[in-house]
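Each value in this text was obtained by applying a stated rule to the coordinates, not by laboratory testing. The structure displayed is predicted, hence computed values, not measured ones. For neighbour counting, all protein chains shown are included, and Cβ atoms are generated from backbone atoms with ideal geometry for every residue, glycine included.
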Amino acid sequence: MILRHLAIIALTTSALLLGLLWTDSIYALDNTKPASTPTTTPNKSSPITITSNSNSVYSIPSTSVQVNKFSANYAISGKISSLNNLKNLITSTIVNDFDKNPNIGYVVESSSSSSQTLSTTSSSRHQPGLPSPFVSKDLINQKITNEIQQAITSAATASSTSSTEKYVEIKCAFGIILANYNCS
């Protein structure tokens with residue numbers, strides 16, 4: 001009986017220690033350690049929140065599936081100073097998330113190229129000599145990066161006369177047409 005209690009105490013203590021070690025290795029989005037570990041950082045950032053919402057519309061006119069449209073909307077909120085200090089982390093987080101979107105391969109440059117059928121049938125995708133209407137993942141990522149960074153820079157510039165501790169929300173809309181990507 002005593003041996004069983006000692007084993008339970010040993011296991012509980014081990015679990016608590018592992019939990020503390022694991023918690024100490026995790027950092028929040030604002031690059032500070034959890035509250036239980038005191039730190040001194042001169043430029044402590046406030047928390048930033050990024051939310052995303054994605055929608056897709058497909059149609060099946062006969063024997064193929066077509067992507068009619070899709071959208072991925074992001075809202076970035078926090079204090080201007082934090083957004084400005086962590087804009088590279090914010091940008092990479094959104095780019096990485098958007099890269100996982102199953103429709104990323106159907107993004108076209110402009111609305112004139114989206115009028116072409118965006119079908120998933122093999123015959124329309126592998127015809128020799130036809131140029132692809134779809135843009136590269138690198139071009140998409142660069143456009144998203146530019147839009148986010150410009151929106152954060154604009155918010156920081158607009159607040160330079162007022163407080164950089166002002167809370168803002170930046171909304172980004174990305175979809176099937178690359179030319180329409182924007183953050184404001």
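Some points to look at:
- Greater than 30 Å apart at Cα, pairs in 69/166; 87/137; 137/166: 69/166; 137/166
- Each label was represented as a point 7 Å from its Cα along the Cα-to-Cβ direction; for residue 182 and residue 100 these points are 2.9 nm apart.
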